[in-house]
1. If a/c stays under 1.5 just call it rounded; otherwise compare a/b with b/c (prolate if a/b is bigger, oblate if not). Do that for the range 643-754, with a ≥ b ≥ c from the square roots of the Cα gyration tensor eigenvalues.
2. Taking only Cα atoms, what is the 0 to 90° angle, nearest 10, from helix 656-671's long axis to the longest principal axis of the chain?
3. Given axes a ≥ b ≥ c from the Cα gyration tensor, I'd like to know whether the range 433-749 is rounded (a/c under 1.5), prolate (a/b larger than b/c) or oblate.
4. Can you tally the net charge around D442? Count Lys and Arg as +1, Asp and Glu as -1, for every other residue whose Cβ sits under 14 Å from the Cβ of D442.
5. For the range 433-749, what does the relative contact order come out to in percent, with C-alpha contacts under 8 Å and a separation of six or more?
6. Using packing as a proxy for protection, rank 567-573, 540-546, 128-134 so that the peptide with the highest average count of other Cβ atoms within 10 Å comes first.
7. So what is the orientation-averaged projected area of the chain, using the convex hull of its C-alpha atoms, in nm²?
8. Taking the Cβ of R495 as the center, what net charge do the other residues with Cβ under 12 Å away carry, scoring Lys and Arg +1 and Asp and Glu -1?
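Coordinate-derived values only; no laboratory data. Just so it is clear, the structure is predicted and the values come from calculations on it, not from any experiment. Glycine also receives a Cβ, built like all others from the backbone with ideal geometry; neighbour counts cover every protein chain displayed.
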Amino acid sequence: MPAAPGGPRLLLRRLREAMAEPVSPQARLDRIVVLIAANVVAEVCSVYVLRDDNSLELFATEGLNREAVHLTRMRADEGLVGLIAQTAEPLSLSDAQQHPAFSYRPETGEEAFHAFLGVPLLRAGNTLGVLTVQNKTYRVYSEEEIEALQTTAMVLSEMIASGELQALAPDAGTAARRAVSVRGTVLAEGIGLGHVVLHEPRIVVRTLIAENSEREMTRLESAIENVRSAIDDLVERGDKIGSVESREVLETVRMFAHDKGWLRRMREAVASGLTAEAAVERVQSDNRARMLRQSDPYLRDRLHDLDDLANRLLRELIGQDSFGLPGSLPENAILVARSMGPAALLDYEPARLRGLVLEEGGPTSHVAIVARALGIPAVSEVENATALCDAGNAIIVDAVAGEVHVRPGPEIEAAYAEMVRLRARRQEQYRALRDVPAVTRDGVRIGLHLNAGLLVDLNHLDEAGAEGVGLFRTELQFMVAQRMPSAAEQQALYRAVFSAAGTRPVTIRTLDIGGDKILPYMPKLEEENPALGWRAIRIGLDRPALLRVQLRALLKASGGQPLKIMFPMVATVDEFVRARAIVEREKAHLRRHGYPLPSDCQLGVMVEVPSLLFQIDEIAAEADFLSVGSNDLMQFLFAVDRENRRVAHRFDPLSVAALRAFRLIAERASAVGCPVTVCGEIGGRPLEAMALIGMGYRGLSMSPAAIGPVKAMVLTVDAGAVAALIDAEMARMHDGDSLRPALTAFAKAHGVPI
Ligand code: PEP
Ligand code: MG
């Protein structure tokens, strides 16, 4: 291929004219392949589009038999074109026919050609098709030619993504628009149908082809400069990008901002005729394609960092205004984001949110807690979610099975619509139980309480028919705030909570921060094992000012009414005794200043560190009540990180070891007349809750959605019969065995809904 007569810039100018012509999509595509072939002096130029059924179809060609257009179809893993689609990498060969992947299609008349160059049509890292050029001679394509073809490919990718070619693919759509189903992890249960709203939407680059390349180069350079100095500022201030990234990440991002290879590729893309933003996107898309195919988690993270940087650059070039602001949500919005903090989620109007899809964030992340509090079905760890969806696409969040269906077909949509109706009917049935007291068949009264952490949670008290709040996680107010809540703000929240609860009791837990619960405005401690580190009551005792402010706010907010406070992560009796002394000091202080004290101030302990199992008599004798935090208790008992998906399901809370721990606590507490409840997740699962009742627990605290199903279980179960079953099974089982099968069989046999 001799030097191109007009170079890539001229080609892009011609393409821009072709894009503007009022002709049919096929005519436009035919014109484009002619232009490309002429410009790069190739005898052949062809466009293959990835179809819905995963085949690659010849959509246009200059140089091959025109009759083959829309007839030649290959599997996505077939031939050289398939290879390019799969690897998302350019392929340049001086003799294509010698390549092992070469697949001969007689209808195309390809036998006359030897040199072959193909590039993927990429958008946000996804392959939409393949663009190829061929020559009769055996020749080697230069780096510049490969680069120029990739730039041209971008224009075609946008044309495919716009849906313009949909009309040419009537029987099965193009892959760009096809239905996709992806798996993820359930953060908040439920099913939501709606339309995609991108949180911090991917910036859409509309002007691809430069009118003045020199000006575009200047724009690129100054954007790079601005982004670099913004990052330098952040590093210097020790600040954070968003709220989670640490200094280490910033340093890496800064390093990338000076990466010569990355900068060179963007500059080359501008030199070849793209606008500055199109150049950034073009390089970003290649990077994303690599990221999606990279299995090494470290390298993936680095590619993620580079992706972040490209986003910053795009924002700098196009301006912040192109972001959709929260608040302007359509009805039935499903938010899709790479990651999101709890405060950002709260910025959206909850009544219009039908679901949340995230690429990152574990089930115990703060955004998950907020999503559950708001009752928004949420799925996380959905790979590449933001690139798979376009704003406005139909989408279904199945936060029961942990699936997300983007652009679902009519059957899937109908099946889910039916499922949603069924769930609504079941909710209706639970609602009918709302005012029915939770009493077992043999007359045992069970207190069903709510886990809460935000004021909005209190709405569920009436809706779900809960008796009170069994666990109010005060750290949520701290986690969603931009800065440390003042004493007055804390007091105002507690007062609002008490007044929303009315006469129903509320058990407030003091700040449980540290570990995974990080406050964005507090310096992050580098700890080897944060779950075992400086957290919860440990911070409270070491830095009593924080705890004292909170206790004072609570005592004042109680306004003379009864108050229940409990302390998290207590590991020794002494810790509780010291915490109680701080409460007493605060009470004395308020008394001196004439404030009304709570008519009854009960102090409890969360049993969530296994050491308490071996001081259970002593702690039950000291505390006014106990509450089993089974989430942490199980984590520490089985040495299984509750946030680590690889291990989180390795143990069964219905195993003999776990049940012995639960039974020990219940028995010893009741022996000294100390009330004990369970406030971890297991209390909200009907089968597990049934076992807890069998072991003597009479109070359970759970998420709002769990109250209905647990109450339905309580109403049909015989507590004495479950106790007898557990006694018998525990007597003859070995450590490590689970009572799950026996309990499930019992429930089935007695018609207990679980
Ligand atoms: C628990 O550990 O079981 C618990 C209820 O507390 P959290 O989930 O907030 O740690
Ligand atoms: Mg806990």
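1. Details: a/c = 1.07, a/b = 1.03, b/c = 1.04.
Because its axes are fairly even, with a/c under 1.5, the range 643-754 counts as rounded.
2. Roughly 30 degrees, rounded to the nearest 10.
3. Values: a/c = 1.75, a/b = 1.42, b/c = 1.23.
In terms of gyration-tensor shape, prolate.
4. Working: positive: R441, R445, R698; negative: D718.
Residues near D442 contribute +2 overall.
5. On the way: 569 pairs, mean separation 61.7, N = 317.
Relative contact order, the range 433-749: 19 percent.
6. Working: 567-573: 22.1, 540-546: 15.0, 128-134: 26.9.
In descending order of packing, they fall as 128-134, 567-573, 540-546.
7. Numbers: hull surface 144.7 nm².
The directionally averaged projection comes out at 36.2 nm².
8. Numbers: positive: K556; negative: E489.
Once positives and negatives cancel, what remains is 0.
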